[in-house]
Amino acid sequence: MAVVNGARVAAEIEIAALGKVFGQGEAAFHALKNINLKIATGEFFTLLGPSGCGKTTLLRVIAGFEQPSTGALAINGRQVAGQGPNKRPVNTVFQSYALFPHMTVAQNIGFGLKMLGKPRSEIDATVAEMLRLVRMEALAERRPSEISGGQQQRVALARALAPRPRVLLLDEPLSALDLKLRKEMQGELKRLQTETGITFVFVTHDQEEALTMSDRIAVMSAGRILQLGSPDEIYNAPVDRFVADFIGETNFLTLPVAGVSGDQAHLDLPGGTSAPARLPAGLAAAPGSSVTAVIRPEQAEIAPAEGADLTAEVESATFFGTDTHLHLRLSDGQPFILRRQNRPGQPPIAPGTRLGLVLAPGALQVLRD
Amino acid sequence: MGGNGWKWLLCAPALVVLVLAASGPLVIVAIYSFLSPGNMGGVTWEFSTEAWFRVFFRRDIFEPDLVTWNTANLAIFWRSVWLSIQTTVICAVLGFPTAWFIATRSPRSRPFWLFLITIPFWTNLLIRTFAIQEMIRNNGTINTVLLWSGLIEQPLQMLFTDFAILLGMAYVFLPLMVLPLYAAMDKMNLSLIEAGYDLYGSRGAVLWHIILPLVKPGFIAGSILVFIPAIGAYVTPRVLGGGQSLMLGNLIALQFGQGRNWPLGSALAMLMLIVVVVALVIYLRTVGRSDGERRV
């Protein structure tokens, strides 16, 4: 069983205390360290992190291209560590697509079924169905070199989906596409996942892609999973400095703790007021000590100075089209970025102006460090 | 003449080399094959199809009208083609795992392995061929060791057999197969192999359906590089094949030497060229096209 966003559902992939070491002795590189993870059936699960964080290695371990050095890996309740990729009910969409250049589009899509020894009539029927699913019927007899990058992407998807795997692994599949095509394929992927009901494990370094497509996200860095949660949790309640910094833009504030009640802390704000903030699970913040709290730039609003949570002075303003970023300095000298929605006729705010700020309730989040 | 005339001039050195070094001798050989032999070698300028006739047929000494197939020449022709095909297959079978081994080493150590492959080129072919002779002759290294160990009681007759020729030619031409195969493997995207395994292919299936088709250009280049020099090989059959096991190269050389029949030698050389070209065309037609027609 896996718990996904509060609900208990059957686990498709169970990873326990998994580690992966490349090389030996002095040169040993720990690519994965103590990974514990349960991915639910039918889930769109994303591994998000910068390059070199271990997300692709974890995907390759699940696929069977790499064997774990330590720990256990089960797919659909069966231990698969030690098995090769051809023995696992899992298919991969490669970053480079890896379409067989000497085969036609239809032959590429049918390859997995052919290897499984399916009868010809079934292969033909499934290939036709897959071509329809990815809207490539007209190009079935083309070679991969004769179709565009976006079309190759669709063929790679169809080829991996054709054997009806229990899990589809996607290794940064959209990174080679231009922005417009990438947006289109994001929607396409989501549609395919919903239509097929197959569990997707998606690797990306693009936080926006992860936030828009995923049911759950695991943020990885240096071989570890730093935070696991829904896009909303990852974005609005980051518990780790790396996660908060990697995803979106955020303000880091060092604030003293006034008091703690349950999973809430009251933090003293510069200027004498105080505000509630969420504590990460298991963190005991002693009153009087200082903690780092984060708040997103859009979670504060300009308000009259009387009754405001904070006061700040405007240092500069950057225009971004839909909004303007105001670079502020709080009364105790800490920097603060405020995102202000642009509206027609709204007077610009000149540097040097003193503003009052109101923080959205529940917007402050304490970090674990 | 505009600017293009000058561009043509820049091509002149290459054209001169092509005409003089490549086409020129070929034209001379073609012309000689239709002339009459001179008494002390060379040719006399007198048109004759006798050389071509004698490539295929022989006249009875006593009854010139009695014409039979020249089975001796045709047998040598067939022997040369057959031995060259076997050499090419042996080189392909040995060369594939060798090239694969090199292509799967770390990028840093690959130049070292390639260097080892090319080391035989550093020594004269004749010397290397005599070294093989020394190894396989009746009282040579291999027979001495086998007799000493008691595995055999009589020395094995290896020298002056087709086996000796195949051994020698496979040894000489193996690098010419390994290098193009390595080049083809080096270009191959390794994730294609992973994709093959991922799509439930066994090791054999991935080798057959993915690796072999992808390194086919290497096999084609390697086969051409091995087959063509093999069919005209001179030193190897001479040293290892002895007097009875002639190949085409030896037969042609014989006509220009002791035989003193340059037109016949030229006709044989032209025929060899035709055989090679025809073999190449057939080979490229069948191998080069098959993947377009093969269905999953």
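The values are calculated or read from the model by the stated rules, or taken from the named source; none is laboratory data. Bear in mind the structure is a predicted one, so any value in this text is a computation, not a measurement. Note that each Cβ is placed from the backbone with ideal geometry, even for glycine, and that neighbours are counted across all protein chains shown. Surface accessibility is based on the protein's heavy atoms, side chains included, excluding ligands, DNA and RNA. Shrake-Rupley method; radii C 1.70, N 1.55, O 1.52, S 1.80 Å.
How many percent of all Cα-Cα pairs in region B:17-162 sit more than 27 Å apart? Within region B:17-162, distances greater than 27 Å cover 60 percent of Cα pairs.
Report summary: the helix-based calculation at 222 nm, which adds -39500 (n - 2.57) for every DSSP H run with n ≥ 4 and divides by the residues of chain B, gives -21500 deg cm²/dmol. Contact order, relative form, for chain A: 15 percent (alpha carbon pairs under 8 Å, 6 or more residues apart, mean separation divided by residue count). Summary value for region B:8-98: 13 percent relative contact order, contacts being C-alpha pairs under 8 angstrom separated by 6+ residues. Springs between Cα atoms under 10 Å define the GNM used for chain A, and in it the highest mean-square fluctuation of A:Ala210, A:Ala11, A:Ala275 occurs at A:Ala275.
Debye calculation, C-alpha points only, no solvent: report log10 I(q)/I(0) for chain B at q = 0.08, 0.11 Å⁻¹, in the same order as the q values. Result of the Debye calculation: -0.52, -0.90. Taking every DSSP helix (H) stretch of at least 4 residues in chain A, weighting each as -39,500 (n - 2.57) and dividing the sum by the residue count yields a mean residue ellipticity at 222 nm of -7000 deg cm²/dmol.
Of the two radii for region B:1-51, the radius of gyration is 1.30 times the Kirkwood radius, both from the alpha carbons; that is the Rg over Rh value. Working from the Cα coordinates of region B:52-100, the gyration tensor eigenvalues give, after taking √(5λ), semi-axes of 41, 7, 5 Å in decreasing order.
Any idea how far the Cα center of region B:26-73 sits from the one of region B:184-226, in Å? That distance is 49 Å. For A:Lys183, the aspartates and glutamates whose Cα comes closer than 19 Å to its Cα, not counting residues fewer than 8 places off in the same chain, are A:Asp171, A:Glu172, A:Glu195, A:Asp206, A:Glu208, A:Glu209, A:Asp215. The simple Förster model, with R0 at 30 Å and r as the Cβ-Cβ distance, assigns B:Glu134 and B:Arg110 a FRET efficiency of 0.40.
Considering only A:Ala158, A:Ala176, A:Ala244, the mean-square fluctuation computed in a Gaussian network model of chain A, springs between alpha carbons under 10 angstrom, is largest for A:Ala176. Hey, in the GNM for chain A with a 10 angstrom Cα cutoff, which one of A:Gln207, A:Gln83, A:Gln227 fluctuates hardest? Fluctuation is largest for A:Gln83.
Measuring nothing but protein heavy atoms, the accessible surface of region A:249-366 at 1.4 Å probe radius is 55 percent carbon and sulfur. Taken as Cα centroids, region B:83-130 and region A:199-277 sit 58 Å apart, rounded to the nearest whole angstrom.
Annotation for region A:328-369 versus region A:18-67: alpha-carbon center distance of 39 Å.
Using the heavy atoms of the protein chains and a 1.4 angstrom probe, tell me the accessible area per residue for region B:72-293 in square angstrom. On a per-residue basis, 50 Å². Taking a ≥ b ≥ c as the square roots of the Cα gyration tensor eigenvalues, chain A comes out prolate, since a/c reaches at least 1.5 and a/b is larger than b/c.
With heavy atoms of protein chains only and a 1.4 Å probe, what residues of region A:68-102 have at least 20 Å² less accessible area in the full set of chains than alone? Correct list: A:Pro85, A:Asn86, A:Asn91, A:Phe94, A:Ser96, A:Ala98, A:Phe100, A:Pro101, A:His102. Per the accessible-area calculation with a 1.4 Å probe, the total area buried between chain B and chain A rounds to 2400 Å². Using Cα-only point scatterers and the Debye equation, what is log10 of I(q)/I(0) for region A:211-369 at each q in 0.16, 0.17 Å⁻¹, rounded to two decimals? Debye output, listed in q order: -0.94, -1.04. The relative contact order of chain B, computed from alpha carbon pairs under 8 Å that lie at least 6 residues apart in sequence, is 26 percent. Based on the Kirkwood approach, the hydrodynamic radius assigned to the protein assembly as shown is 32.1 Å, with every pair of different Cα atoms included.
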